[in-house]
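Report on the structure given below.
The values are calculated or read from the model by the stated rules, or taken from the named source; none is laboratory data. Predicted model, so just to flag it, every value in this text is computed and none were measured. Note that each Cβ is placed from the backbone with ideal geometry, even for glycine, and that neighbours are counted across all protein chains shown.
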Amino acid sequence: MIEVHKVSYTYRGSSKAALQDISSLFEPNKIYAIVGPNGAGKSTLLRLLNGLIPHFYKGEFKGRVIVDGIDTREASVAELARHVGLVFQNPAHQIFSETVWQEVIFGPKNLGYSENQILEMGRWALEVTGLLLYKDVPPWTLSGGEMKKLSIASVISTKPKYIAFDEPTIGQDASFKASFVSLLNQLKSQGHGIIVVTHDIDWLLDLKPDYVYLMKEGVIIASGEFNEVLTNNDLLRSVRIEPPLTLKISKLLNIRRVMDPPEIAEELFRRVRG
Amino acid sequence: MDPFAFLEAFRPRIEASLLSRLHPGIRVLMIGGLLIAPLMFRSLMGELLSLAIIIPLMILSKSIVEVGKLIKGSLFFLIIIILTNYLFSREIGFSVAMGMRLISMLILSAVFFASTDATEIGDLLGNLGFPPYISYSFVMALRFIPVLAEDAQNIIAAQESRGLELSKGNLLTRIRNMIPILIPLVILAIRRAQQLAEALESRAFGSGKRTSYWEYRISEKDVLAVLYTVLSLCSFIYLKKSGLLT
C-alpha cells in the first residue's frame, strides 16, 4: 500500500504551501479519485507517490511517503517506477519513439526486464488499451484519443502495482471516457491500485471509484466512500464544483446515493404510476 | 536532475530596477557596449577589470540569484572552455581568463533578461525600421524560453517516471539518454510555433502598418548610462593601446 504521512510541501520559489499536512492511503484492487478545483494540490499529491517530489521537484518537504515499505526519500524515481506508474496530462510530454511498439517498451527496457518479459509486457499493454493494431505505426500519426491511450499503455507496460492518472479525461470525447472506465475497472480487477486526479465529476459518476479524496487549497477537506462524498452538494460547492444533474435529481427524489439516468427514469416511472 | 534548470535565468522577470527604467535602446546599447570589454583582453587582469564594470549592472538589475543559477548551469561548459584553452596554450592565466570572459557574458545576458521586456525589444526593432515579422520573431523567441523550460521540466519528469535515469552512466550514455527529452521538446516547440503563427494571422498580423502603445523618452538616467559605458570603453581602449593589460 501507499501511505502518505502528514506531508506538507512548498514548491521552490513559492511562498504558499501546495500541500498542508496531508495524510492518505492507497491500496491495490481499489480505485481512488482525488477531486478538487485548480490549484487544490491534486497533481502535487500525485507527484509525491512516485518520488518526483522530493527528488525532481525541489522544495520544502515535510512528512513521509511509504510505497510498499519503501520510503520515497530513500529510493530514486526510477526505482519507484516499478511500483508506481504516473500518466501525465499531456501525452506529447513523453512520446518520442519511431513506432507505438518502441514507445510502449521504453519503460520495461529502462527497468532492465528480459527480452521475453518486455515482449509480454508490451503486448499486454497494447492489448488492454486496444492499440495492438497500431503496433508499427508512428505515434505522431495517431489521433488525440489514441495518443492518450498510448501514453497510458507506455506507463502500464511496466506493470506497476499502482497507476496514477493526472486529469486523464481532459479534451477527450465520450467514447474515450467510456472505454477508459472499462480499462480502469479491468486494471483494478487485475490487482492494480488506481489513483485518478480529476475535476470531471460527470465522468467520475460513471467510474464510481471506491474512495474519494476532496481537496481544496492544499488540504484534504473530505474523504470517504464515493456516495458519501459526492452526494454532498454543499461540500461540492465549497470546492467550486457544480453537482451533476443526476445528483440533483437523486436529492430531489430523497435518495441518498447518485442514481444513473436509467435508474432515475425507472424511479420516476414508478412514482408516477403509484 | 533537470539539465535545463539554468534556462530559468532567461525567464523575463522584470523587477522595477534602475536598469529596467532605462530607455530600452540605451539599455541594449549599454549591455552590448559593455559586452565588448571582456572581448578586448586576453589577460587575467583585463578580464577582472571587465567583471568589475559589469558587476554593478548585476546589482542594479537585481539579478544576483539568476546569475548564480546561470553560472551553476554552465559550470560544465566553463570547465570545458578552461581545459581546452589550457590544452592548446599551456597557460593557466590565459585559460582562466577565457573562463572569466564566459562568466562576464553570462552575467550580461542575465542582466539583459532581468531588465528587458520582450515587447520593448520588439518596439525597438520596429522603431529601427525592421518589419514586424522580424521584430515579432525575436519577441516570441524571448517569450517562449520560459515556456520551453517548463515543457522540458515536464518531459523530464514524465520520462523519469518511466524509469529513465539522466544522471547515471558515462558521458555517451548520458548524451543518449537526452534523446527522449529532446525529441518531444523539439516537436512541442514546432507545434507551438505553428499554432502561434495561426493565432497571429487570424488576428490580422502582417496586414499593414502597426502602431505602438508605448512611447519611450530619454531621461537623465539614460545620459548617465551612456556616460558610464563610453567612459568604461574609452579607458579600456586606452589600457589596451598602452599595453598595460596584455
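Would you mind stating whether A:Y9 is under 19 Å from the mean Cα position of the chain (by Cα), in a strand (DSSP E or B) and not aliphatic (A, V, I, L, M)? Walk me through it before giving the result.
Numbers: under 19 Å from the mean Cα position of the chain (by Cα): no; in a strand (DSSP E or B): yes; not aliphatic (A, V, I, L, M): yes.
Criteria not met by A:Y9.
Among the residues of the stretch B:65-79, which ones are surrounded by 13 or more Cβ atoms within 10 Å (Cβ to Cβ) and β-branched (V, I, T)? Those that are surrounded by 13 or more Cβ atoms within 10 Å (Cβ to Cβ) and β-branched (V, I, T): B:V65, B:V67, B:I71.
The number of residues in the stretch A:249-274 being surrounded by 13 or more Cβ atoms within 10 Å (Cβ to Cβ), of a type in the set (K, R) and in a helix (DSSP H, G or I) comes to 1.
Set side by side, the residues A:E115, A:E120, A:E146, A:E127 differ, and just one is acidic (D, E) and either crowded, with 18+ Cβ neighbours inside 10 Å or modelled with pLDDT under 90 (or both), which is A:E146.
Filter the stretch B:49-83 down to the residues that are part of a helix (DSSP H, G or I) and charged (D, E, K, R), then identify the one that is nearest to B:I175 (Cα to Cα). Among residues in the stretch B:49-83 that are part of a helix (DSSP H, G or I) and charged (D, E, K, R), the one nearest to B:I175 (Cα to Cα) is B:K72. Taking B:M58 as the residue in question, decide whether it is at pLDDT 85 or above and either crowded, with 19+ Cβ neighbours inside 10 Å or closer than 30 Å to A:N90 by Cβ (or both). Criteria met by B:M58.
Counting residues that are touching a Pro at 6+ places or on another chain (Cβ under 7 Å), touching a residue at least 60 places away in the same chain (Cβ under 8 Å) and over 25 Å from A:P139 (Cβ atoms), which helices (runs of 4 or more DSSP H) fully inside the stretch A:152-245 reach at least 1?
A:201-207, A:226-229
Contact map, the stretch B:212-241: residues that are touching a residue at least 40 places away in the same chain (Cβ under 8 Å) paired with residues that are assigned to a loop (DSSP other than H, G, I, E, B) and among the aliphatic types (A, V, I, L, M), Cβ distance under 8 Å, separation 6+ or inter-chain. Pairs shown: B:K221/B:L18; B:K221/B:L22; B:D222/B:L22; B:A225/B:L22; B:L239/B:L245.
Could you check the stretch B:211-239 and list, in sequence order, the residues that are surrounded by 14 or more Cβ atoms within 10 Å (Cβ to Cβ) and modelled with pLDDT under 85? Residue satisfying the conditions is B:Y216 alone.
Looking at A:V87, A:V65, A:V104, A:V77, just one residue is within 24 Å of A:K149 (Cβ to Cβ) and touching a residue at least 60 places away in the same chain (Cβ under 8 Å), and that residue is A:V87.
I'm checking my understanding of the structure. Among residues of the stretch B:145-162 that are of a type in the set (S, T, N, Q) and touching a residue at least 12 places away in the same chain (Cβ under 8 Å), which one is nearest to the other protein chains (Cβ to nearest Cβ)? Going through the qualifying residues, I end up with B:Q159. Set side by side, the residues A:G69, A:G39 differ, and just one is of a type outside the set (S, T, N, Q) and farther than 30 Å from A:N227 by Cβ, which is A:G69. Here the stretch A:106-137 is the region considered, the condition is being touching an Asp or Glu at 6+ places or on another chain (Cβ under 8 Å) and under 22 Å from A:Q186 (Cβ atoms), and the residue that is farthest from the other protein chains (Cβ to nearest Cβ) is A:Y134. A count restricted to the stretch B:163-184 and to residues that are more than 9 Å from every other protein chain (Cβ to nearest Cβ), among the hydrophobic types (A, V, I, L, M, F, W, C) and free of Cβ contacts under 8 Å to residues at least 40 places away in the same chain stands at 3.
For the stretch B:186-244, a residue qualifies if it is away from every other protein chain (no Cβ under 14 Å), of a type in the set (K, R) and in a helix (DSSP H, G or I), and the qualifying residues are B:K221, B:K240, B:K241.
Tell me, please, whether a residue that is more than 22 Å from the chain's Cα centre (by Cα) and surrounded by fewer than 16 Cβ atoms within 10 Å (Cβ to Cβ) can be found in the stretch B:142-157. Reasoning before the result, please.
Initially, the stretch B:142-157 is screened for residues more than 22 Å from the chain's Cα centre (by Cα), giving B:154-157.
Now drop any that are not surrounded by fewer than 16 Cβ atoms within 10 Å (Cβ to Cβ), which leaves none.
Scanning the stretch B:142-157, I find no residue that is more than 22 Å from the chain's Cα centre (by Cα) and surrounded by fewer than 16 Cβ atoms within 10 Å (Cβ to Cβ), so the answer is no.
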